Amino acid sequence: MINKMKGTEDTLPIEINKWHYVEEIARDIFESYHFSEIRTPMFEAVELFKRSVGDTSDIVTKEMYNFKDKGEREIALRPEGTAPVVRAYVEHKLFGPEFPQPLKVYYMGPMFRYERPQAGRQRQFNQLGVEVLGTSNPAIDAETIALAWDFFQELGLKNIKIYLNSLGKTAERHAYRQALIDYFEPHLEELSEDSQRRLHANPLRILDSKDEQDQAFVKDAPIITEFLSEQSLNHFNQVQEMLDILEIPYQVDPYIVRGLDYYQDTIFEIIVEDDSIGAQSTICGGGRYDGLVEQLGGPNAPGFGFAIGLERLLLLLDEQEIEIPVEDNLDVYVMAIGQEAQGTALRLVQAARQTGLTADRDYLDRSIKSQFKTIGKYQTKLLLTVGEDELERNVVQVKYLASGQQKEVSMDEIMDDFIGVFRRHTMDTSVIDKFFEGE
Ligand code: HAM
């Protein structure tokens, strides 16, 4: 037997309704904010992620699925969605006047990171992300954070919290970086191995180390806010004012840094406060990346976005016992009794499908009893039965299973009218009553 690869998941038919539910709510909300969908390839040139996510980031140094293809090209399965969207933006010149400005796009799909798998952390996982390109207006920061917040509210998530920070511009971050090196260097020996390695490569990352020993030093480390220019502070304050106007709760946390190099100014994370999904409590992360478009060969176009980890979100919905409607998807079941009735059953089931109803029948020669079990499983609405007697008289028995109402209908009526009636009224109870009461 060949099993699935470590860190991957199969989504089985019995759980797909959860995905559909979350995706549908996401699409509705994204569209109400006037975002359009974009789809980019699953793999890209490795160089794209090196130049954007960063040469020294964990994602690029440790977690990337990269390989040479048969044409000797250096390829990576995408570890995230922002760099591919920016690449597409530059490549298709989506900054041009013929496209809506700013460009507001969303995406859903698998990303790949070679991480140690555990609950809520896979090697292939799905992100739901948005990107806004072409403006540095702080209103975009606030409204995009509001979008993520609205989405979680609509799903009914509890105990979630927004953490906000600003990383300032490159020069400010450089000064801060140096201050961090100066601060941590005397304690080098006492830091965790990871942090020792990061001290010169990426000292900001020490700030979100989970290591207890590191945290003892982090709590007195210099904070970025002291290094921000007036312009950056102004931007950050405006974002906060707008979140206040929208009454969206958040907490400023100067030690949030994010693990990708392209950020500047506003960054944020949305965390689940209870331990329902264990260590993997960040369900959404994002921020501003004003230099990235230029870095990837485009114009000086600012950007802002976020991504949500869908597996984590679904785990959380389970943990918080949030009810997800079951897809109740069988309008009509056609039961043929005896070999002779098979042809008629075929005609009936197809007629129902062609009018837009969901319809099914038996293909396994199952007994009537076991067919009834199937019907129960799907919460079937209408049962159409044809046996020898019905065939002879050219009729069909119709039963509305919820109420037990039953009626014999001629085959002609069924084909010409009945199924059409149900389609037009999408099985409204008043129509059903009328039908069975013989009006
Ligand atoms: P990120 O923080 O690397 O940001 O990932 C965003 C979210 O994806 C995380 O908060 C988490 O919920 C989920 N996630 C990440 N890795 C895994 C994994 N191995 N298994 C399951 N879920 C995972 C980004 O990817 C940025 N591109 C977000 C962004 C968009 N920034 C601006 N625009």
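Checking the conditions here, which among E273, E311, E269 is within 16 Å of the ligand (Cβ to nearest atom), surrounded by fewer than 16 Cβ atoms within 10 Å (Cβ to Cβ) and touching a residue at least 60 places away in the same chain (Cβ under 8 Å)? Even if it seems obvious, please write down each step before you answer.
Details: E311 fails: surrounded by fewer than 16 Cβ atoms within 10 Å (Cβ to Cβ); E269 fails: surrounded by fewer than 16 Cβ atoms within 10 Å (Cβ to Cβ).
None of the other options fit; the residue is E273.
Do we have I75 as touching a residue at least 24 places away in the same chain (Cβ under 8 Å), in contact with a helix residue (DSSP H, G or I) (Cβ under 6 Å, 6 or more places away or on another chain) and hydrophobic (A, V, I, L, M, F, W, C) here? Reasoning before the result, please.
Numbers: touching a residue at least 24 places away in the same chain (Cβ under 8 Å): yes; in contact with a helix residue (DSSP H, G or I) (Cβ under 6 Å, 6 or more places away or on another chain): no; hydrophobic (A, V, I, L, M, F, W, C): yes.
So I75 fails the test.
Pairs needed: first member in the stretch 7-20, closer than 14 Å to N126 by Cα; second member anywhere, loosely packed, with under 12 Cβ neighbours inside 10 Å; C-beta distance under 9 Å; at least 6 residues apart or different chains.
Once the first residue is closer than 14 Å to N126 by Cα and sits in the stretch 7-20, its partners that are loosely packed, with under 12 Cβ neighbours inside 10 Å give G7/R116; D10/K4.
Could you tell me how many of the residues in the stretch 234-261 are modelled with pLDDT of 95 or more and crowded, with 21+ Cβ neighbours inside 10 Å?
Matching residues across the stretch 234-261 total 4.
Scan the stretch 117-136 for residues that are buried (at least 18 other Cβ atoms within 10 Å of the Cβ) and either hydrophobic (A, V, I, L, M, F, W, C) or free of Cβ contacts under 8 Å to residues at least 12 places away in the same chain (or both) and report the count.
Here the count works out to 5.
Which numbered condition in (1) modelled with pLDDT of 95 or more; (2) within 12 Å of the ligand (Cβ to nearest atom); (3) under 21 Å from I271 (Cβ atoms) is the only one that D150 fails?
Condition (2) is where D150 drops out.
Mind listing whichever residues of the stretch 288-308 are of a type in the set (G, A, S), more than 6 Å from the ligand (Cβ to nearest atom) and within 24 Å of the chain's Cα centre (by Cα)?
Start the filter on the stretch 288-308 by keeping residues that are of a type in the set (G, A, S), which leaves 291, 297-298, 301, 303, 305, 307.
Now narrow it down to the ones that are more than 6 Å from the ligand (Cβ to nearest atom): 291, 297-298, 301, 303.
Once the filter is applied, which keeps residues that are of a type in the set (G, A, S), more than 6 Å from the ligand (Cβ to nearest atom) and within 24 Å of the chain's Cα centre (by Cα), the stretch 288-308 yields only G303.
Hey, which of the helices (runs of 4 or more DSSP H) in the stretch 137-212, taking only ones fully inside, have at least 2 residues that are among the polar types (S, T, N, Q) and surrounded by fewer than 21 Cβ atoms within 10 Å (Cβ to Cβ)? Please lay out each step first, then the result.
Details: elements: 138-155, 170-184, 193-201.
Because the criterion is at least 2 residues that are among the polar types (S, T, N, Q) and surrounded by fewer than 21 Cβ atoms within 10 Å (Cβ to Cβ), the helices (runs of 4 or more DSSP H) in the stretch 137-212 that meet it are 170-184.
If I filter the stretch 55-86 down to residues being out of contact with any Gly (no Cβ under 9 Å at 6 or more places or on another chain), under 16 Å from L292 (Cβ atoms) and not hydrophobic (A, V, I, L, M, F, W, C), which single residue comes out as farthest from the ligand (Cβ to nearest atom)?
D55
Taking the criterion of being farther than 20 Å from Y89 by Cα and not in a loop (DSSP other than H, G, I, E, B), would at least one residue in the stretch 35-48 satisfy it? Spell out the reasoning first.
Quick first cut of the stretch 35-48, residues farther than 20 Å from Y89 by Cα only: none.
For the stretch 35-48, residues farther than 20 Å from Y89 by Cα and not in a loop (DSSP other than H, G, I, E, B): absent.
Taking the stretch 1-33, which residues are among the β-branched types (V, I, T) and either under 23 Å from E323 (Cβ atoms) or modelled with pLDDT under 95 (or both)?
T11, I14, I16, V22, I25, I29, listed by residue number.
Might you let me know whether the stretch 17-25 holds any residue that is assigned by the TED database to the domain that holds L133, loosely packed, with under 14 Cβ neighbours inside 10 Å, in a loop (DSSP other than H, G, I, E, B) and not acidic (D, E)?
So the first thing to find is which residues in the stretch 17-25 are assigned by the TED database to the domain that holds L133, and the list is 17-25.
Adding the requirement that they be loosely packed, with under 14 Cβ neighbours inside 10 Å leaves 20, 24.
With in a loop (DSSP other than H, G, I, E, B) added as a condition, the list becomes none.
No, the stretch 17-25 has no match at all.
Given the conditions (1) outside any strand (DSSP E or B); (2) buried (at least 23 other Cβ atoms within 10 Å of the Cβ), report the number of the one that G356 does not fulfil.
(2)
Assess whether Q124 counts as being among the polar types (S, T, N, Q) and away from the ligand (no atom under 13 Å from the Cβ). Don't jump to the end; show me each part of the working.
Working: among the polar types (S, T, N, Q): yes; away from the ligand (no atom under 13 Å from the Cβ): no.
The answer is no for Q124.
The values are calculated or read from the model by the stated rules, or taken from the named source; none is laboratory data. Everything quoted here is computed from the prediction, not taken from an experiment. All Cβ positions, glycine included, derive from the backbone under ideal geometry; neighbour counts span all protein chains shown.
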